[in-house]
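The numbers here are math on the coordinates, done by the rules we state, and not lab data. Everything numeric in this text was worked out from a predicted model, so none of it was measured. Neighbour counts run over all protein chains shown; Cβ positions are idealised from the backbone, glycine included.
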Amino acid sequence: GENVEQHPSTLSVQEGDSAVIKCTYSDSASNYFPWYKQELGKRPQLIIDIRSNVGEKKDQRIAVTLNKTAKHFSLHITETQPEDSAVYFCAARDGTASKLTFGTGTRLQVTL
Amino acid sequence: DAGITQSPRHKVTETGTPVTLRCHQTENHRYMYWYRQDPGHGLRLIHYSYGVKDTDKGEVSDGYSVSRSKTEDFLLTLESATSSQTSVYFCAIKLATSGTRSYNEQFFGPGTRLTVL
């Protein structure tokens, strides 16, 4: 089955700096890669996603890049703000079923 | 909130007792999922359903069973709860609508915090 690895597990940045979280996946048939943000005590919420036929996608301060050859994808957050502090999860959907495999999460802390 | 609720939201039980968690949706989505979330492990799929009475196992299905007798309800049962099943359980649905939302998006319920003593 699919295996998703996520790094780093914790990340601390100063407000205004950029943050990058990286994930790798194992199944070359995976074709959809969402990113979820989870605030303390809340449910995970989708913030951005990308399909396998696209190399990059942006939405305001966040962007995701996908390298299918290397089987890795990354989340980029620019001009970080304190409200960006949360746990971020990457995921990959396998090519045969509607299942997501999640990474283990990155705790992002944005300090003033 | 995509019309998804979970009950109970919190439960404390004892080892060896049966426990059933309920996920309810109001928008007729075909796919429903149960995950557990534990520190250091992220979200792990327990079971999922792709229609009434159609279910399949996820990566951590041992000790859990599910049932879906109608579209709106997906039940997760711990036949004999163990302390290792202490966790936060999330139900999710796969959104089928297009437009501004990705049709692949999984939308999560509010979660159930289960403690097995």
Taking a 25 Å limit on the Cα-Cα distance, which of the listed pairs A:Lys22/B:Lys57; A:Lys57/B:Lys94; A:Lys42/A:Lys68; A:Lys42/B:Lys11; A:Lys99/B:Lys53; A:Lys22/B:Lys11 fall beyond it?
-> A:Lys22/B:Lys57; A:Lys42/A:Lys68; A:Lys22/B:Lys11
Over the Cα atoms of the protein assembly as shown, what Rg and Dmax result, in angstrom?
-> 17.6, 51
Within 10 Å of each Cβ of B:37-44, how many other protein chain Cβ atoms are there on average?
-> 6
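Taking other Cβ within 10 Å of each residue's Cβ, how do A:Leu40, B:Leu78 sort, fewest first? Please report the intermediate quantities before stating the final value.
Values: A:Leu40 7, B:Leu78 19.
In increasing order of surrounding Cβ atoms, one gets A:Leu40, B:Leu78.
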Counting only other chains, what is the mean number of Cβ atoms within 10 angstrom of the Cβ of each residue in peptide A:1-11?
-> 1
Exposure proxy check: A:Asp59, B:Asp62, A:Asp49 ranked by fewest other beta carbons within 10 Å?
-> B:Asp62, A:Asp59, A:Asp49
B:Ser80 paired with A:Lys68, simple spin-label distance in nm, labels 7 Å along Cα-to-beta-carbon = 4.9 nm
Hey, if you drop one equal point scatterer on each alpha-carbon of chain A and run the Debye formula without solvent, what base-10 log of I(q)/I(0) do you get at q = 0.09, 0.10, 0.22, 0.23 Å⁻¹?
-> -0.21, -0.26, -1.20, -1.29
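At 1.002 mPa s and 20 °C, plugging the Kirkwood radius over alpha-carbon pairs of chain B into Stokes-Einstein gives what diffusion coefficient in µm²/s? Display every interim value, and only then the final one.
Working: Rh = 14.3 Å.
It comes out at roughly 150 µm²/s.
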Under a cut-off of 20 Å between alpha-carbon atoms, report the aspartates and glutamates in cross-link reach of A:Lys37, not counting same-chain residues fewer than 8 places apart.
-> A:Glu5, A:Glu15, A:Asp17, A:Asp49, A:Glu56, A:Asp59, A:Glu79, A:Glu83, A:Asp84, B:Asp1, B:Asp38, B:Glu105
What is the packing order of peptides A:101-109, A:10-18, taking the mean over residues of other C-beta atoms within 10 Å and listing the highest first?
-> A:101-109, A:10-18
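Using only atoms on other chains, find how many Cβ atoms lie within 10 Å of each Cβ of peptide A:34-46 and report the average.
On the way: counts 4, 0, 5, 0, 6, 0, 0, 4, 3, 13, 10, 3, 8.
Mean partner-chain Cβ count within 10 Å for A:34-46: 4.
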Pseudo-spin-label distance B:Asn28 to B:Thr5, built 7 Å along Cα→Cβ, given in nm, is 2.0 nm
